[in-house]
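This report concerns only the one structure given below.
The values are calculated or read from the model by the stated rules, or taken from the named source; none is laboratory data. All values reported here derive from a predicted model rather than from experimental measurement. FYI the Cβ positions are ideal-geometry reconstructions off the backbone, even for glycines, and counts take in every protein chain you see. Note: areas computed on protein heavy atoms with side chains; ligands, DNA, RNA excluded. Shrake-Rupley method; radii C 1.70, N 1.55, O 1.52, S 1.80 Å.
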Amino acid sequence: MSEHTITIESLQGYAAAARDFIKQMGDNRIFAFYGSMGSGKTTFIKSVCEEMGVEEAINSPTFAIVNEYESRDGDIIYHFDFYRIKSIAEVYNMGYEEYLYSNAYCFIEWPELIEELLPEEAVKVEITEMADGSRQIKTINND
């Protein structure tokens, strides 16, 4: 298991943090983003997608549950937000396996709501808002 921590001092620091995160991604494809409401999960995922070359508008899939993007390299990126799911059956019904086992990048917000469905290789990403307003992004890899 390996850990990597990135600190974001301000909104201007998200792009550099996203570039650092991308360098650390390796061959991993599934990333589970943990953090309280307002901790910056969506903002960070948006920055990562932008740094990966997504050109379309990137926003939270709160109501759609999943948004699909394409990187500059032609990679598919799925951005999930499970905050509004009411039951695990909803996730089964949306065909989550097709997404998580597609070899596409999967960035998952509120993964604690679908914990039992996460593949073992999912990388845990903890986003914490610090007292000074900065953010800490800790990546925990099961490698």
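Results for (1) modelled with pLDDT under 90; (2) open to solvent by less than 20 Å² (accessible area, probe 1.4 Å); (3) not in a loop (DSSP other than H, G, I, E, B), shown as yes or no for each residue.
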| position | (1), (2), (3) |
| --- | --- |
| 91 | no, yes, yes |
| 112 | no, no, yes |
| 121 | no, no, no |
| 126 | no, no, yes |
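Yes or no: the stretch 97-108 includes at least one residue that is within 26 Å of residue 130 (Cβ to Cβ) and outside any loop (DSSP other than H, G, I, E, B). Yes, the stretch 97-108 has at least one match.
Would it be correct to say that residue 99 is touching a residue at least 40 places away in the same chain (Cβ under 8 Å), open to solvent by 20 Å² or more (accessible area, probe 1.4 Å) and touching a strand residue (DSSP E or B) at 6+ places or on another chain (Cβ under 7 Å)? When the stated conditions are applied, residue 99 does not pass them. In the set (1) surrounded by 13 or more Cβ atoms within 10 Å (Cβ to Cβ); (2) farther than 19 Å from residue 6 by Cβ, residue 49 fails one condition alone, (2). The number of residues in the stretch 12-53 that are touching a residue at least 60 places away in the same chain (Cβ under 8 Å), more than 24 Å from residue 117 (Cα to Cα), in contact with a Ser or Thr (Cβ under 8 Å, 6 or more places away or on another chain) and not in a helix (DSSP H, G or I) comes to 0. Taken over the stretch 128-143, residues that are in a strand (DSSP E or B) and polar (S, T, N, Q) amount to 4. Given the options 77, 85, 58, name the one that is touching a His at 6+ places or on another chain (Cβ under 8 Å), touching a residue at least 12 places away in the same chain (Cβ under 8 Å) and either open to solvent by less than 30 Å² (accessible area, probe 1.4 Å) or hydroxyl-bearing (Ser, Thr, Tyr) (or both). When all the criteria are applied, what remains is 58. Condition check for residue 34 on (1) within 15 Å of residue 75 (Cβ to Cβ); (2) crowded, with 18+ Cβ neighbours inside 10 Å; (3) at pLDDT 95 or above: one failure, at (1).
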